[in-house]
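Following: one structure in structure tokens, then a few remarks.
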Amino acid sequence: MTNTSSLVQKLFKAILSQDKFEDAEKESRLWVLQCSNCKYERSVWDMGGIRWKAAGNPRVYRLCPNCNQMNWHLMYKKTA
């Protein structure tokens, strides 16, 4: 785990066992948001979030740090 954890990640670390927390981090790193404008991707974990034991591919309206545009981002799980 990196030193720059979000409050949510710190809370999960405090309440989960080490094995479960490591599993949550590993899975959260596989979930990415992809900008519909420039296709820039970043993991949910790197954004300070956790997506663990989740399903579906939601779209979220966010500011892209790459193209600096507000637009829809697709959230999906990478296969490897």
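Only the coordinates and a few stated rules stand behind these numbers; no lab work does. Just so you know, these numbers come straight off a predicted model, no measurement behind them. Cβ placement follows ideal geometry from the backbone for every residue including glycine, while neighbour counts extend to all protein chains displayed.
Excluding same-chain neighbours fewer than eight residues apart, the lysines reachable from LYS13 by a Cα-Cα span under 30 Å are LYS26, LYS53, LYS77, LYS78.
Under the definition of Cα pairs under 8 Å and six or more residues apart, what whole-number percent is the relative contact order of the chain? Could the numbers behind the result be given before it?
Values: 119 pairs, mean separation 24.1, N = 80.
Relative contact order for the chain comes out at 30 percent.
With both labels modelled 7 Å from their Cα along Cα-to-Cβ, the LEU11 to ASN71 distance reads 3.2 nm.
I want the local charge near ASP46. Using Cβ-Cβ distances under 15 Å, sum +1 for each Lys or Arg and -1 for each Asp or Glu among the other residues. List each step's numbers first, then the result.
Numbers: positive: LYS26, ARG29, ARG42, ARG51, ARG62, LYS77, LYS78; negative: GLU25, GLU27, GLU41.
Once all neighbours under 15 Å are counted, the net charge is +4.
Once the Cα atoms are used to define both axes, helix 18-30 deviates from the longest principal axis of the chain by about 10 degrees. With the simple model of a label 7 Å out from the Cα in the direction of the Cβ, TYR40 to LYS20 spans 3.5 nm.
Near the amide H of ARG51, within less than 5 Å, lie the amide hydrogens of SER28, all on another chain or at least 5 residues away, with H placed in the peptide plane. Note on the chain: dipole from Cβ charges, positive end direction compared against ILE50, TRP31, HIS73; the farthest Cα belongs to HIS73.
Given +1 at the Cβ of Lys and Arg, -1 at the Cβ of Asp and Glu and no other charges, the dipole of the chain around its Cα centre is 200 debye to the nearest 20.
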